[in-house]
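The values are calculated or read from the model by the stated rules, or taken from the named source; none is laboratory data. Remember, it's a predicted structure, so these values are computed and weren't measured experimentally. Glycine also receives a Cβ, built like all others from the backbone with ideal geometry; neighbour counts cover every protein chain displayed.
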């Protein structure tokens, strides 16, 4: 392990998501200097992002200033900047304003964006959900659709405004569909005069044969039944072949809808491209068993930026606990290397899979135990509150959920960003 | 009072701020049909807007969906639309999509925007504070200034980034200056590595001879001393003669500053122009003693849209309690007219003036009692929590304030809107 002479070993971490932040936390006390670079000033709790999109939570309830999280770590410098590339030969991270940041060890934790698999032209009609801005944009689209329906007199146009299509029935798609159904059926009905919001159609379209494909068959079946109980129309085995301003086409059927949400796939950030590293079709770096990038023993990739298999040969899932485990592993390996040692390969431990279905149910697969219904919902809720950082956020989210359950009141029903334009 | 035959008397209220909302509340039970039009979907608690701009409160803590506030009032239809004019001859409100809304009685409560008194070209450099978007834009500018200073190596440019100028020392200017000083001196210092945020300059510039001109002399003097105690530089008697990307010029002095905030004046919305009504220099309609627009007995103007004198000949101030009293009066007068009666002229009752100075002090002028310091701050805080609508918002704001006081932690330090561009 090389370090330039006369200065401490410099670890640069790009991205302050779950993986990058955990790597910084794990390096506490190590004889290193750390620079954490992110193009946003906040760490985002992505598992609850769909609740911002559906007006259940406020943006500040699931985001923390990165600097604040590391205020007691003088060894960490946080840099609010956009990385534009890596000069691996010179061991420098290139920043968009022309700066170059020398590193001894580099950790790439740059995450993923949603991907349209060759149909990028669908993005304006079917936005995805990865950032706070994505969430407030979706929230605006959903709320504006109801507002415009209230003023629309043409029955066909009104029906299209009250049709919400979610493409992709993984956890995000299922959670969005359930929560939009709750919003339309529980929260909004008394607020409108000309439309019956409870008649809004929520259509969940999945190309594969079942919802929540990562879960056991019986939990998938339960999730589907529960969604249908909430009024969600579940369409399986039909890939979407067209998205436009008018709606979607799937399996030869045309559905008029003014709100379409993309939850069907992601692609990693440009880290593999920066390095010319081997990548899978979602552009994730195919990392070595110790999470280094092939050919670059001093560069690690973690979380959604990387792909690796677990001990049974299945790919490690792109979820927060996996990214955190990888961040912790990388921190431990850097510390071991500085002492002249090494570590056995990374091993992923799957704690469980969770998904919320509407506001009172969930499914949980712990492997050794499968749970569903209200009990699963309680565990889901407590687990998510536990994983939030700090008492302030925990109290705030708990209070927001209490109000949703007790009063059907969603505090964050704000149309912002371009709200002066009514047509949204 | 005329009503078209065969349908209930139709009251159209334009604007769901304090005045418009109070008029709608006051008409409960009256034999009327009400349409409340706003181009935003939320009612905003403007007295605390500066706390959103300074990352102390989240947007959803001071805003409520208008529909939600009127969900139990089937007599009220809320319309999310932009009013473009009034056809007083045909008694119709014109909406931007070409719709026209017939009214029997019209209440104009369209509020005000900040005004630059002939220097509209200053707006890009010195934004004001009237909407949630204004507040998140200001929040972004303030937080990005610190971020850019952290990366800036040129001393002069860094100093300009760490200089915050507030123009206008009324309550909003005083509150902004004190809170930015707190932010720089209490909340941020431990978060940065290259800059000492506590050395940031906060400069409050006022053309008049004292801060808080609407308050008694001794409270003005106390407010100035308190601000100076927080490190705010107070400049009096010097009008600003130039705002640009580089800073401001006042009284012949040039001050390099990258963040300038305009708190020096407002102008009313275009209501007077729509009607060709007599207006003052801030475009407020000079209403009759019963708040009707001269020449239009069936059109009322209230709040920041109107100007009227109190019993001592002083203009009624443009504050929330005044707008609410006017909204209530108009509702009562409409009800009286429907019964064939009328009411004596509107009389403004001034309950008091309040301003917060930094996070632990305030000044209050009740007329019969003047308060300052910590005791005034407690009354200020309790009064503001009391005036928020609903337990949910009260608890949430109380909790945010508790965290600011106990932990110097401001929950809403989020750079959003264009956050991918670091240069903000």
Note to self: If I ask for residues that are more than 16 Å from residue B:166 (Cβ to Cβ) and surrounded by fewer than 18 Cβ atoms within 10 Å (Cβ to Cβ), which ones from region B:208-236 would you list?
What the structure shows: B:209, B:214, B:216, B:217, B:218, B:221, B:225, B:229
Margin query: Take the conditions assigned by TED's automatic domain parsing to the domain that holds residue A:19, more than 29 Å from residue A:208 (Cα to Cα), assigned to a loop (DSSP other than H, G, I, E, B) and free of Cβ contacts under 8 Å to residues at least 60 places away in the same chain and apply them to residue A:297. Does it pass?
Written below: no
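Can you tell me which residues in region B:271-294 are part of a strand (DSSP E or B) and closer than 22 Å to residue B:350 by Cα? Can you show your working first?
Residues of region B:271-294 that are part of a strand (DSSP E or B), as a first pass: B:279, B:285-286, B:292-293.
Scanning region B:271-294 gives B:285, B:286, B:292.
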Notebook entry, point to check: Quick one: how many residues across region B:49-94 are within 9 Å of chain A (Cβ to nearest Cβ), in a strand (DSSP E or B) and over 17 Å from residue A:411 (Cα atoms)?
Noted result: 5
Note to self: Within region A:410-423, take every residue that is touching a helix residue (DSSP H, G or I) at 6+ places or on another chain (Cβ under 9 Å) and surrounded by fewer than 19 Cβ atoms within 10 Å (Cβ to Cβ) and give me the one that is modelled with the highest pLDDT.
What the structure shows: A:417
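Whether any residue in region B:19-26 is at negative phi and surrounded by fewer than 22 Cβ atoms within 10 Å (Cβ to Cβ) is what I want to check.
We begin by selecting, within region B:19-26, every residue at negative phi; these are B:19-26.
After this cut, where a residue has to be surrounded by fewer than 22 Cβ atoms within 10 Å (Cβ to Cβ) as well, the list is B:25-26.
Scanning region B:19-26, I find at least one residue that is at negative phi and surrounded by fewer than 22 Cβ atoms within 10 Å (Cβ to Cβ), so the answer is yes.
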Margin query: I'm told residue A:15 meets every condition in (1) surrounded by fewer than 24 Cβ atoms within 10 Å (Cβ to Cβ); (2) more than 13 Å from the chain's Cα centre (by Cα); (3) modelled with pLDDT of 95 or more except one. Can you identify the failing condition by its number?
Written below: (1)
Margin query: Among the residues in region B:103-114, are any facing chain A (nearest Cβ under 8 Å), touching a helix residue (DSSP H, G or I) at 6+ places or on another chain (Cβ under 6 Å), buried (at least 21 other Cβ atoms within 10 Å of the Cβ) and under 24 Å from residue A:146 (Cα atoms)?
Written below: no
Notebook entry, point to check: Taking region B:78-96, which residues are under 28 Å from the mean Cα position of the chain (by Cα) and either touching a residue at least 60 places away in the same chain (Cβ under 8 Å) or surrounded by fewer than 19 Cβ atoms within 10 Å (Cβ to Cβ) (or both)?
Noted result: B:78, B:82, B:83, B:84, B:85, B:86, B:93, B:94, B:96
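Do we have residue A:67 as more than 20 Å from residue A:297 (Cα to Cα) and surrounded by fewer than 23 Cβ atoms within 10 Å (Cβ to Cβ) here?
Numbers: more than 20 Å from residue A:297 (Cα to Cα): yes; surrounded by fewer than 23 Cβ atoms within 10 Å (Cβ to Cβ): no.
So residue A:67 fails the test.
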Notebook entry, point to check: Do you know which residues across region A:188-242 are outside any loop (DSSP other than H, G, I, E, B), more than 30 Å from residue A:369 (Cβ to Cβ) and either out of contact with any strand residue (DSSP E or B) (no Cβ under 7 Å at 6 or more places or on another chain) or within 14 Å of chain B (Cβ to nearest Cβ) (or both)?
Noted result: A:189, A:190, A:191, A:197, A:198, A:199
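Quick one: which helices (runs of 4 or more DSSP H) sit completely within region B:125-183 and have at least 2 residues that are out of contact with any helix residue (DSSP H, G or I) (no Cβ under 9 Å at 6 or more places or on another chain), within 13 Å of chain A (Cβ to nearest Cβ) and over 12 Å from residue B:201 (Cα atoms)? If you could, list the steps in order and put the result at the bottom.
Values: elements: B:132-151, B:155-161, B:171-182.
Of the helices (runs of 4 or more DSSP H) lying wholly inside region B:125-183, those with at least 2 residues that are out of contact with any helix residue (DSSP H, G or I) (no Cβ under 9 Å at 6 or more places or on another chain), within 13 Å of chain A (Cβ to nearest Cβ) and over 12 Å from residue B:201 (Cα atoms) span B:132-151.
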Next item on the list: State the number of residues belonging to region B:22-42 that are free of Cβ contacts under 8 Å to residues at least 60 places away in the same chain and within 13 Å of another protein chain (Cβ to nearest Cβ).
Entry: 6
Note to self: Against the definition (touching a residue at least 24 places away in the same chain (Cβ under 8 Å), buried (at least 19 other Cβ atoms within 10 Å of the Cβ) and within 22 Å of the chain's Cα centre (by Cα)), how does residue A:200 come out, yes or no?
What the structure shows: no
Check: Tell me, which residue of region B:300-312 that is touching a residue at least 24 places away in the same chain (Cβ under 8 Å) and in a loop (DSSP other than H, G, I, E, B) is surrounded by the fewest Cβ atoms within 10 Å (Cβ to Cβ)?
Finding: B:311
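Look at residue B:17 and say whether it is in contact with a helix residue (DSSP H, G or I) (Cβ under 9 Å, 6 or more places away or on another chain) and farther than 25 Å from residue B:395 by Cβ. Before the answer, list the steps.
Details: in contact with a helix residue (DSSP H, G or I) (Cβ under 9 Å, 6 or more places away or on another chain): yes; farther than 25 Å from residue B:395 by Cβ: no.
So residue B:17 does not fit the description; no.
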Checklist line | Failed condition for residue B:205, given (1) surrounded by 17 or more Cβ atoms within 10 Å (Cβ to Cβ); (2) within 30 Å of residue B:331 (Cβ to Cβ); (3) within 23 Å of the chain's Cα centre (by Cα) | finding: (2)
Notebook entry, point to check: Are any residues in region B:367-417 under 22 Å from residue B:185 (Cβ atoms), within 12 Å of another protein chain (Cβ to nearest Cβ) and outside any loop (DSSP other than H, G, I, E, B), and if so, which ones?
Noted result: B:400, B:401, B:402, B:403, B:404, B:406, B:407
Next item on the list: For region B:341-350, state whether one or more residues are surrounded by 20 or more Cβ atoms within 10 Å (Cβ to Cβ), over 30 Å from residue A:42 (Cβ atoms), more than 14 Å from chain A (Cβ to nearest Cβ) and in contact with a helix residue (DSSP H, G or I) (Cβ under 9 Å, 6 or more places away or on another chain).
Entry: yes
Note to self: Tally up the residues in region B:243-270 that are buried (at least 18 other Cβ atoms within 10 Å of the Cβ) and in a strand (DSSP E or B), please.
What the structure shows: 12
